[in-house]
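Since the structure comes first, as structure tokens, the remarks are kept for the end.
Just so it is clear, none of the values below were taken in a lab; they were calculated from the coordinates. Owing to the predicted nature of the structure, the values given are computational and were not obtained by experimental measurement. Virtual Cβ from ideal backbone geometry, glycine too; neighbours counted across all protein chains shown.
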Amino acid sequence: MTATGFLEASTTLGFVAVFIAVGLAVYRLARGPSLPDRVVALDLMTVAIVAFCGLAAIRTGEAAFLDVALVLALVGFLATVALARFAERQQLRREEEAGK
């Protein structure tokens, strides 16, 4: 097997793994059962899409995919932090109402 063939087989396997990860994350996002489960699933989807962009950059040789991956990773991180803070505030509000 040549280096080019190995690289193509590796990226193909990577794409398959990313598609499976996104599929499982979509299932968890739709199924729940709780908000933290959905937040983690959304974060997993973001990481998987960043990995997809990295694999696409390797496969095509286009550096623009890396720029997209970097921006998506930053936006995904900020979204995860915002959703985690929202979930925390929501739980604190529930605990205050239960304590009254």
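In the chain, one over the average inverse separation of all distinct C-alpha pairs is 15.5 Å, which is the Kirkwood hydrodynamic radius. For a Förster distance of 30 Å, can you work out the FRET efficiency between the beta-carbons of residue 17 and residue 91, rounded to the nearest 0.05? The value I calculate is 0.35. Short-range pairs are left out: with C-alpha atoms under 8 Å and at least six residues apart, the relative contact order of the range 39-100 is 35 percent. Each residue of the range 50-64 was assigned a 3J(HN,Hα) from its phi angle through the Karplus expression (A = 6.51, B = -1.76, C = 1.60, θ = phi - 60°), giving 5, 4, 4, 4, x, 5, 5, 5, 5, 5, 8, x, 8, 6, 4 Hz with x at Gly and Pro.
Across the range 8-18, rounded Karplus estimates of 3J(HN,Hα) from the backbone phi angles (6.51 cos²θ - 1.76 cosθ + 1.60, θ = phi - 60°) give 5, 5, 5, 5, 5, 4, x, 4, 4, 5, 5 Hz, Gly and Pro being marked x.
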